[in-house]
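First comes the structure, then the notes that go with it.
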Amino acid sequence: MNGVTGRMGYRQHLVRSILALREEGGLDLGDGTVLWPEPVLVGRREHALRVLADRHGLDPALVSTDLDAVLADPATEIYFDAQVTGAREEAITKAIAAGKHIYTEKPTATGLDGALRLARLATDAGVRHGVVQDKLFLPGLLKLRRLIDGGFFGRILSVRGEFGYWVFEGDWQAAQRPSWNYRAEDGGGIVVDMFPHWEYVLHELFGRVLSVQALATTHVPQRWDEQRKPYDATADDAAYGIFEIEGGVVAQINSSWAVRVNRDELVEFQVDGTEGSAVAGLRNCRAQHRSTTPKPVWNPDLPATEVFRDQWQEVPDNAGFDNGFKAQWELFLRHVYLDEPYTWDLLAGARGVQLAELGLRSSAEGRRLDVPELTL
């Protein structure tokens with residue numbers, strides 16, 4: 001596990017996924033077999049890694065700053081990468097050459113050529129490979145998927161997404177995201193961070209993205225880093241995108257680290273169809289069927305006489321929902337051990353890189369761009 005000293009690598013992948021599986025006694029495959037994941041912590045800062053190992057009672061011998069040595073160990077079967085994007089392609093290339101199965105955060109590379117190269121290398125090497133696509137496993141989107149699969153919407157017309165929150169500039173209060181996120185030269189920017197998410201959400205729930213038109217901008221041009229020193233923000237911190245999806249669905253998604261939250265959750269998707277609509281967030285989903293749709297009347301001279309949010313019905317859980325990162329880890333481990341089907345591979349990851357690349361190009365050129373279908 002390379003990059004577990006970072007926020008996402010530590011909280012979601014190490015603690016809430018791998019260590020959570022160990023606390024449950026391992027991954028029970030249902031036939032008497034139990035997989036017991038043994039994490040090897042890899043990174044550049046040995047002290048930080050040893051602090052984590054000591055905190056969670058992990059074997060101190062399974063801590064290393066020497067990635068090559070860890071990859072040379074036949075006991076290590078899976079390589080996981082949660083590093084900064086700029087370091088990912090080289091490390092994954094080494095892991096594939098060492099015959100390791102690959103599981104990685106996204107973006108998988110800094111450009112489409114690199115992302116496709118990794119997909120081809122892994123396929124040619126015959127190793128299993130997967131990319132984190134965690135939002136598909138969120139309770140809110142699982143409920144939305146249930147509505148889609150049940151035909152609730154009729155013909156889906158449009159998707160409207162709102163994501164974001166105010167990231168502190170770093171002068172008055174410490175920023176809640178690392179400063180490299182706001183430097184293009186370090187691989188930062190909200191397009192490269194979020195468009196890969198939007199690609200797999202749209203692709204899995206509604207269909208392949210056919211075109212993109214985006215406007216990316218930097219609303220906050222100066223920020224302060226972890227040492228409270230000012231720096232120029234050279235990466236985009238907001239992006240406004242329109243995506244054409246096969247079947248005639250139109251999606252528009254706003255992504256921003258310079259917006260204050262006035263919605264129920266940090267991300268929400270409204271889906272409108274001929275037979276009904278729904279609004280899904282991280283955990284909740286509300287729906288309104290055609291038969292219960294009220295008749296709002298536009299009259300700016302009178303105050304609203306109804307509370308529109310109260311006219312939606314909560315979609316019930318009807319099931320228990322585990323941590324989304326952990327749920328996908330379980331599927332990948334089963335894929336490695338049992339060869340069960342798994343579609344979220346490095347080619348799927350390359351589609352996300354492609355959409356981010358085209359989104360930035362669309363913004364720079366001021367025009368809509370087609371999204372070609374990727375193949376190996």
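Just a few scattered comments:
Listed here are the residues, each with its yes/no results for (1) crowded, with 20+ Cβ neighbours inside 10 Å; (2) in contact with a strand residue (DSSP E or B) (Cβ under 9 Å, 6 or more places away or on another chain); (3) within 20 Å of Ala364 (Cβ to Cβ).
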residue: Asp193; (1), (2), (3): yes, yes, yes
residue: Pro196; (1), (2), (3): yes, yes, yes
residue: Tyr200; (1), (2), (3): yes, yes, no
residue: Glu204; (1), (2), (3): no, no, no
residue: Arg208; (1), (2), (3): no, yes, no
residue: Trp224; (1), (2), (3): no, yes, no
residue: Lys229; (1), (2), (3): no, no, no
residue: Asp232; (1), (2), (3): no, yes, yes
residue: Ala239; (1), (2), (3): yes, yes, yes
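- The combined condition, being exposed (fewer than 11 other Cβ atoms within 10 Å of the Cβ) and under 28 Å from the mean Cα position of the chain (by Cα), is fulfilled by Gly320.
- Those residues of segment 265-305 which are of a type in the set (Asp, Glu) and either farther than 30 Å from Trp166 by Cα or touching a Cys at 6+ places or on another chain (Cβ under 8 Å) (or both), in sequence order: Glu275, Asp301
- Meets criteria (more than 30 Å from Ala115 (Cβ to Cβ), β-branched (Val, Ile, Thr), out of contact with any Asp or Glu (no Cβ under 9 Å at 6 or more places or on another chain) and modelled with pLDDT under 95) for Val307: yes
- Test: residue in segment 251-263 that is more than 25 Å from Val209 (Cα to Cα) and among the charged types (D, E, K, R): yes
- Under the condition of being closer than 24 Å to Phe325 by Cα and assigned to a loop (DSSP other than H, G, I, E, B), the residues counted in segment 100-134 number 11.
- Residue among Gln288, Gln270, Gln252, Gln311 that is over 23 Å from Gly150 (Cβ atoms), surrounded by 11 or more Cβ atoms within 10 Å (Cβ to Cβ) and either touching a residue at least 60 places away in the same chain (Cβ under 8 Å) or not hydrophobic (A, V, I, L, M, F, W, C) (or both): Gln252
- Some residue of segment 157-165 being more than 21 Å from Trp257 (Cβ to Cβ) and either outside the structural domain of Glu265 (by TED's automatic domain parsing) or surrounded by fewer than 21 Cβ atoms within 10 Å (Cβ to Cβ) (or both): yes
- When segment 341-355 is filtered for residues that are assigned to a helix (DSSP H, G or I) and of a type in the set (D, E, K, R), only Arg351 remains.
- The residue that is nearest to the chain's Cα centre (by Cα), among those in segment 218-237 that are within 14 Å of Phe168 (Cβ to Cβ) and in a loop (DSSP other than H, G, I, E, B), is Asp237.
- First in segment 318-347 and under 14 Å from Val34 (Cα atoms), second anywhere and in a helix (DSSP H, G or I), Cβ under 8 Å, 6 or more apart: Glu330/Leu21
- Candidates Leu333, Leu376, Leu360, filtered to the one that is at negative phi and at pLDDT below 95: Leu376
The values are calculated or read from the model by the stated rules, or taken from the named source; none is laboratory data. These numbers were taken from a predicted model, which means no experiment stands behind them. In this analysis, Cβ positions are derived from the backbone assuming ideal geometry, glycine residues included, and neighbour counts consider all displayed protein chains.
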